[in-house]
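A short worksheet on the structure shown next.
The values are calculated or read from the model by the stated rules, or taken from the named source; none is laboratory data. Source: prediction; values computed, not measured. Cβ sites come from the backbone with ideal geometry, for glycine too, and all protein chains shown count toward neighbours.
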Amino acid sequence: MSKKLIAVIDIGSLVARLKVFELSTKGKPKEVETVRKYTSIGTRSFIEGAIPSNQIDEICDCLNEFGMKCREYKVSRVFCVATSALRESSNRDVVLERVRIRTGYRIDILDNSMERYYHNMSIRETMPDFTSIIANGTMILDIGAGSMQATVYDKSEFVFSQNTVLGSLRISGLLSDIEDRTTHYEDVLEEFIAQDMDDYHAVEPKGITYQNLIAFGGEMGFIKLLAGQKSRKDCILSKKQFLSVYEYLLKTRPTDLTLNHSIPSNIAPLLLPTALIIRNMLEYTDLETVYLPNASLSEGIVYNYAYKYMEYPTVMNPDIDIIFAARNISKRYKCDKKHTEFVEKTALMLFDCTKKYNGLSERDRQLLQLSSILHEVGKYVHSKSHNDAAHMLIKYSEIVGINSDELDIIGLVVRLYPKDDAYDDPYYRNLPAEKKVIISKLTAMLRLADALDSSHRQKVKKLKATLDKDSMALVCECSSDMSFEEWSFERRSKLFIEVLGINPQLKIRRQR
């Protein structure tokens, strides 16, 4: 049984963490040691928009200390990541370069989608009975320093995920000057939060009966402590227990939280905004309990690594939520379900048939699948230029687990697939060469798959693809006239031949 040590460094808005894990080919990843350093980079970043020089030095000093610990353990791999504080900083590129020069670490700034993906994976893998819990309506509140993500499961399937700028640090920072000018700070705080909560409720899926609420976030350990629980253990609080903590936070000053409970001074002001968000969701869902799991970004990164590179059997296939998210977007924009399913299945068949020569990865295959599912969402906005509209809709959507660069690929494939001259598109011309190649190949496959159902009538009943050197035979059985599809297939074969060097040939067999 082979073992290895890997480390995750998480540069958060308020806390920098180093976690060292032992991984083996059998069993769950095991946490070996955790080191924390409290920082304040998020405070300045959210309010002023940039990280000042002295805080860049603070990051460097912290990373150098963590580096010594990693060398002490002789870890084989170090993941160094940062989230919203660096993500939203106007001088992020300068920060990254100074850190690289002074520490040797290249910080990977996670976009919101990937940050929440790792959080969700951590909850799924560390929370007992997660799969049975989501059999009924379940909301996961991921409350970060800069924003909040609400994710909904029902009938054991992913349903919806939405981000709002209701981060505990952002709220506290924006309203800090009001706190000194009013004796009813909690009322102002509640009004501020209620505004964004109303916006969330306007877009969330309807008809779900919630049975479970899971709340997760950096400050949750201190809320557990105030409830008499262990900070690093999973726990379930009754509504009465939670409201007792909430009432205590309402009447207790942050300085007293620090003096009486040893809560760090930069964390104490954030507990009330966090508790208020949870209280509002408890009231909205009409639930009597809230789950507070012990999960973190670091665990999510490690479990994802173990799944990808060490064949770790995850509780749930992490890619399933990604596909469900795309299907729900397609459903929201009232896409033709039967046509979309045909195009998805056919595009993946083309990918698999040409795998020996297409030079693409399994991740590229998933991007093709998502492009197929979303290729007609723009018709909800504009029937004539639906591909341009779809590009914009996808660009401003969020699929948890798909980073911004990958989302851009999906959007461009959908934009380009119906165009006669994809190379002439201004969005395409400005791409780097490697990205152009991937998008061209995926576009060619989607274009051909869509051509085989040009009429949206699913005339093809059976389809088989076989590859012979530089030629691919597509044998389809049908009972209806295929003249329109044959014409469309011929028109749309050119790009496929150009980028893959394979000549697709359509052979039709009539069913009687």
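The condition (being in contact (Cβ under 8 Å) with a residue 12 or more places away in the chain, outside any helix (DSSP H, G or I), within 28 Å of Arg116 (Cα to Cα) and hydroxyl-bearing (Ser, Thr, Tyr)) is satisfied by just one residue among Thr314, Thr340: Thr314.
Screening segment 1-106 for strands (runs of 3 or more DSSP E) wholly inside it with 2 or more residues that are of a type in the set (Ser, Thr, Tyr) and closer than 26 Å to Gly167 by Cα returns the ranges 30-38.
Taking segment 465-484 as the range and being touching a residue at least 12 places away in the same chain (Cβ under 8 Å) and either within 24 Å of Thr443 (Cβ to Cβ) or among the β-branched types (Val, Ile, Thr) (or both) as the test, the residues that pass are Ala465, Thr466, Leu467, Asp470, Ser471, Met472, Ala473, Leu474, Val475, Cys476, Met482, Phe484.
Can you run down the residue pairs with Cβ atoms below 6 Å, 6 or more apart or on separate chains, where the first is in segment 72-94 and of a type outside the set (D, E, K, R) and the partner is assigned to a helix (DSSP H, G or I)? Once the first residue is of a type outside the set (D, E, K, R) and sits in segment 72-94, its partners that are assigned to a helix (DSSP H, G or I) give Val78/Cys70; Phe79/Ile301; Thr83/Glu115; Ala85/Ile41; Ala85/Gly42; Ala85/Ser45; Leu86/Arg92; Ser89/Ser45.
Checked against (1) over 22 Å from Ile267 (Cβ atoms); (2) in contact (Cβ under 8 Å) with a residue 40 or more places away in the chain, Gly67 passes all but a single condition, namely (2).
Filtered by the rule that a residue be modelled with pLDDT of 95 or more and among the basic types (Lys, Arg), segment 78-135 gives Arg98, Arg100, Arg102, Arg106. There is at least one residue in segment 328-340 that is buried (at least 17 other Cβ atoms within 10 Å of the Cβ) and of a type in the set (A, V, I, L, M).
If the condition is being in a helix (DSSP H, G or I) and in contact (Cβ under 8 Å) with a residue 60 or more places away in the chain, then segment 355-381 contributes Lys356, Tyr357, Asn358, Asp364, Leu367, Leu368, Ser371, Ser372.
For segment 419-453, filtering for residues that are of a type in the set (Gly, Ala, Ser) and at pLDDT below 95 leaves 2. Picking from residues in segment 108-124 that are out of contact with any Lys or Arg (no Cβ under 9 Å at 6 or more places or on another chain) and either of a type in the set (Ser, Thr, Tyr) or surrounded by fewer than 20 Cβ atoms within 10 Å (Cβ to Cβ) (or both), the one that is nearest to Thr34 (Cα to Cα) is Ser122.
For Lys384, the test of being surrounded by fewer than 14 Cβ atoms within 10 Å (Cβ to Cβ) and not in a helix (DSSP H, G or I) is passed. Screening segment 154-264 for helices (runs of 4 or more DSSP H) wholly inside it with 3 or more residues that are charged (D, E, K, R), modelled with pLDDT under 90 and farther than 14 Å from Met139 by Cβ returns the ranges 168-179, 185-203. Among the residues examined, Asn304 does not qualify as outside any helix (DSSP H, G or I) and either within 25 Å of the chain's Cα centre (by Cα) or modelled with pLDDT under 90 (or both).
Return yes or no: is Gly411 on the phi > 0 side of the Ramachandran plot, under 24 Å from the mean Cα position of the chain (by Cα), of a type outside the set (Phe, Trp, Tyr) and buried (at least 16 other Cβ atoms within 10 Å of the Cβ)? Judged against the criteria, Gly411 is not a match. When we screen Tyr38, Tyr105 for residues that are surrounded by 19 or more Cβ atoms within 10 Å (Cβ to Cβ) and either in the same structural domain as Ser13 (by TED's automatic domain parsing) or touching a Ser or Thr at 6+ places or on another chain (Cβ under 7 Å) (or both), the only hit is Tyr105. Just one of the listed residues (Gly411, Gly401) is without any contact (Cβ under 8 Å) to a residue 24 or more places away in the chain and either in a helix (DSSP H, G or I) or within 26 Å of Lys337 (Cβ to Cβ) (or both), and it is Gly411. Residues in segment 482-510 that are aliphatic (A, V, I, L, M) and under 24 Å from Asn358 (Cα atoms): Leu495, Ile497, Val499, Leu500, Ile502, Leu506. Identification of strands (runs of 3 or more DSSP E) wholly contained in segment 447-512 with 3 or more residues that are among the aliphatic types (A, V, I, L, M) and farther than 14 Å from Thr346 by Cβ yields no element. Restricting the first member to segment 485-510 and to residues that are of a type in the set (Val, Ile, Thr), and the second to residues that are part of a strand (DSSP E or B), the beta-carbon pairs closer than 6 Å and six or more apart or on different chains are Ile497/Asn503; Ile502/Met472; Ile508/Cys476. Can you tell me which of (1) modelled with pLDDT of 95 or more; (2) more than 19 Å from the chain's Cα centre (by Cα) is the one Arg365 doesn't meet? Only one criterion in (1) modelled with pLDDT of 95 or more; (2) more than 19 Å from the chain's Cα centre (by Cα) is unmet by Arg365, namely (2).
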